[in-house]
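Down below is the structure, laid out as structure tokens.
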Amino acid sequence: MATFNLFNYLAPPNAYYDFERIYSAEQWHKKQTWITEYLREHQPDIIGFQEVFSTESLKALVLTQGYEYFAVVDQPHIIDDFIYKSPVVAIASRFPIVDNVAVQPNTELAKALGLADDFSFSRKVVRATIEVPHIGNCDCYVVHFKSKRSMIELDEKNIKRSAEKTIIDSLKAQVAGSWGSTIQRGSEATLLMVDMIERREATNNPMVLMGDFNNTLSDGILSHLLTNTLRFVSAIDRDAYLEQYCLNDAWDLYQIALINETSQATENKGFIPNEKVTRNPTHYFGAGSSVLDYILLSCEFDASYHDSLFQVSGYETYDRHLINPIFERDGESTDHGIVLVTLTLRS
């Protein structure tokens, strides 16, 4: 499974966000080729895409690579005939997609949380139910949570402001607008997680959540996606039930699988030292870097869970276009690393 931010995937002669942002025929061919070569080399069976403007073009591209099943639940907005904004998410699969819907936030819960009555996800969330070998129907969610970009934009055309006033107004807009984006992003994750729990209760389908989270999982805004403890609840049966409704970071599950392999090798007297593996960032901004792209999995993919069928045997962040780009090859690639997780049947 892979999560892949395509970075402004829009076929010419249409423009993204601004009338000057149009790929030339050569640039578009280069971008298409780059995506195709990644798919050929890495062969993910299920892919969650973000930043999709040209949905039909993407559907046709992945079909040439053996992905017969493709789903979107929204379309981008078009302004001024050829200028596009608000890209959407999509999912492609080599296995049958038996159902796909747009997740709807619970408006009553949103109201209880102090949110607007008409709260909506900044990008509609895809839930595709995929018939995965050995495990049956699996609910795969693809997200692109609200970015950290300020929700409040300063009117830059106001020439009456002094330089000092411009700075002050910009600071206020950034402080308030950034917090507004944080509230939106955290609320999206919360309402989605509640919906996933309700869906799990109704179907018992395994769960996969993948996408561009626009946030690390460790700073508190989205950490509740990995909630695995409950306060003030009897310990009797708590953990047994709880683990069925919790999500796990695929990276953490990969570490568990590595530990298990090392333990087994030790027992068989064929000890293989466990080389330390580090998690690579998926996004770079200025001098900083962070992991923004994730794949979260339910207990069916956790090697430490007694009834699990799969384990995470591989975890890769494809990032050579970010850390060692070659213009001829990577000039029209993406600004995110691509996270790929390999799942293996447990013996």
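The values are calculated or read from the model by the stated rules, or taken from the named source; none is laboratory data. In this text, all values refer to a predicted model and were calculated from it rather than measured experimentally. Quick reminder, even Gly has a Cβ in these numbers, built from the backbone with ideal geometry, and neighbours come from all protein chains shown. Surface accessibility is based on the protein's heavy atoms, side chains included, excluding ligands, DNA and RNA. Shrake-Rupley method; radii C 1.70, N 1.55, O 1.52, S 1.80 Å.
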_Using 0.36 nm times the number of residues separating His29 and Phe82, minus their current alpha carbon distance, what extension gain do you get?_
17.1 nm
*When the helix-only estimate is applied to the chain (DSSP H runs of n ≥ 4, each -39,500 (n - 2.57), divided by the residue count), what is the mean residue ellipticity at 222 nm, nearest 500 deg cm²/dmol?*
-9500 deg cm²/dmol
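Any idea of the accessible area per residue across the chain, 1.4 Å probe, to the nearest Å²?
52
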*Go through (1) 75, 52, 40; (2) 77, 37, 32; (3) 56, 45, 35 and flag the label whose value is the computed Cα extents along the principal axes in Å for this structure.*
(1)
_Looking at the chain only, what percent of DSSP beta bridges run antiparallel? Nearest 5 please._
75
*Compute the length gained on full extension between Ile326 and Ile167: take 0.36 nm times their separation in residues and subtract their Cα-Cα distance, giving the result in nm to one decimal.*
53.4 nm
*Debye, to nearest 20: dipole size of the chain, +1 on Lys, Arg Cβ, -1 on Asp, Glu Cβ*: 600
_Taking all protein chains in place and a 1.4 Å probe, what share, in percent, of the accessible surface of the chain do carbon and sulfur account for?_
52
*³J(HN,Hα) across region 320-335 via Karplus (A = 6.51, B = -1.76, C = 1.60, θ = phi - 60°), whole Hz, x for Gly/Pro?*
5, 6, 9, 9, 8, x, 10, 4, 4, 9, 10, x, 10, 8, 7, 8
_Please return the longest range in the chain lying between exposed loop sites, taking GluC sites (Glu not before Pro), DSSP loop only, at most 15 other beta-carbon atoms within 10 Å, and leaving the sites out._
157-274
*What does the charge count near Asp118 come to, summing +1 for each Lys or Arg and -1 for each Asp or Glu among other residues with Cβ under 15 Å from its Cβ?*
-1
_Inter-site label distance for Lys148 and Asp307 at 7 Å from Cα along Cβ, in nm_ = 4.0
*Using modelled amide H (1.01 Å from N, peptide plane; none on Pro or chain starts), what sits under 5 Å from the amide H of Tyr294, excluding residues fewer than 5 places away?*
Gly211, Phe213
*Helix 163-203: angle to the longest alpha-carbon principal axis of the chain, degrees 0 to 90, nearest 10?*
30
